[in-house]
1. What is the antiparallel percent of DSSP beta bridges lying wholly in the protein assembly as shown, to the nearest 5?
2. Residue B:164 label point, 7 Å along Cα→Cβ, cut-off 15 Å on backbone N: hits in the range B:65-98?
3. Please report Rg (one decimal) and Dmax (integer) in Å for the Cα set of chain A.
4. Taking R0 as 51 Å, what FRET efficiency do you get between residue B:73 and residue A:195 from their Cβ-Cβ distance, rounded to the nearest 0.05?
5. Given labels modelled 7 Å from the Cα in the Cβ direction, how far is it in nm from residue A:239 to residue B:245?
6. Between residue A:112 and residue A:176, what is the spin-label point distance in nm, taking each point 7 Å from the Cα along the Cα→C-beta axis?
7. Given the DSSP H assignment, sum -39500 (n - 2.57) over each helix run of at least 4 residues in chain A and divide by its residue total; what's the result at 222 nm in deg cm²/dmol, nearest 500?
8. In degrees from 0 to 90, rounded to the nearest 10, what is the angle of the helix A:179-192 Cα long axis to the longest principal axis of chain A?
Amino acid sequence: MQWWCSAQDVAWTWTWRPYPGVWVFIALLLLAYIRLPGRGSAPVRRRIAYGVGLLTLWIALDWPVGALGAGYLASVHMVQFLLISLDVPPLLIMGLPRPALTALEGHAVCGAVRRVTKPAVALLLFNTVVVATHWPEVVDVLMASQWGSVALDLSWLLAGLILWWPVVSPVPHRPKFPFGVRMGYLILCTVLMTLPYLFLTFAELPFYSTYELAPPVGSLSTREDQRLAGLIMRIGGGAILWSGAGILFWLWYRDENDPRPA
Amino acid sequence: MNSTRMSRTHRSARLTCGAALVAFALTSLALTLSACAREDGADTPSANPEPEEAAAASEDGSEAGGGYRGLELTQPIEVPDFTLPDTDGKPYDFAEETAGSLSFLFFGFTHCPDICPVQMANLTAALGDLPYSQRRQIDVVFVSTDPDRDTPEVLRAWLDHFDSGFVGLVDDLEAVNEVLASLDLPPSVREDIPGSDDYRMGHIAQVMAITGDGLIRFAYPGGVRQADWRNDLPRLLALNASVVEASGG
């Protein structure tokens, strides 16, 4: 029984397949949100942000995106990576009700969260995860089993949450980093993500045996699929991070021109 | 009232923290389990066991004997004389047409969902990396094991998707199985897909490398990667040149 998407030794078909592990994971995240203190009084926009984040995560993990990315196409695998690590985390963080974050102040776990979400540490951790989870041997081993695939998906989500935490700075009563620092942080991240992009796009041979030996889907060759994956990483990842920097710039501008006293 | 709410809030917050801890623990567990599965070999990808076999074979012997990654036959097999119609309907005498060249022989079918297209795609990609002067010294011959569906036109169109220079041979299954039997290989058999009118053809998955003297010297099972072909093609061309020269060809 397949409960999570992983590489399969069968030809791809567009026949729907259930992945109950994904549904349980999404349901748990929804349940956790419902139990959070202050959720009822959270503004609608926060609840919408969390809902959209959860929906995006579900799309990225479930059939067909999850199944195609896990075992057939490197380019779809890259779309999954961008959704899980760059799209979903800021939405989930923005959706957290402020009273829940206030209540967590002083808890031991929050101390650990504070340490790993210092910008330099977060940037280092995120990019280490990006490089490690795109390393051919790691991908080929992890994608071959359902537990491995879970590990890969969760590591992307956790790394994304760590990356975006200092940008969103959701904890009330804690000083936020200046807008300029946060913008520079996101732009620096696009630069650091260039390394895996270069390898994927300009490699002469396919990196991943998972995709090279998978039953073919569509007319893309393995090499074309890998180059497309690199371009998606560069263009898609860049677009998300630059959009984040753009939004920060707009908020900065709005703050600067706000006639009300700070 | 307020203190009750606060304590509930703290309890809920702690539960959430606990959930976060569980998530981290699950990630670590998943990573450990996947690493263990790898060590046991119990959960290794079934999609590609053969490259590991090929690699093992290389480590066992062929790597030492010239750095090949294909499976070297300890006793090369002579390809018997056989003639089958090509996609133009003309008789193709294999021995005569490939004499002196390095050739690759593969038995498969165009409706094959996995092994055949992957084998052909990887071989095509590696051949495309060779300079033209080397590429023209190589013949690729694909024999269909599914004559009911692989009409000459269908086979030609399928091969052209890879390389229009590839030769396609189509005949009735009995004739194809005779060729396989003469090579001491199992026959191709029809396998019905349960719950469907569709069927697959069971067939051997390896590409056979044949030198210009008509001997099969290496086999490349399903799961061979482009890097393996890139490694072996120049070596096979050099081997072929020496074999042909030695036989006075």
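A short reminder: the numbers here are calculations on the coordinates, not readings from a lab. Quantities reported herein were computed from a predicted structural model and do not represent experimental measurements. Cβ coordinates were reconstructed from backbone atoms using ideal geometry, including for glycine residues, and neighbour counts include every protein chain displayed.
1. Bridges in the protein assembly as shown are about 65 percent antiparallel.
2. Inside the label zone: B:88.
3. 19.3, 63
4. 0.75
5. 5.6
6. Once both label points are built, they end up 2.8 nm from each other.
7. Result for chain A, helices only: -20500 deg cm²/dmol.
8. Approximately 10 degrees, to the nearest ten.
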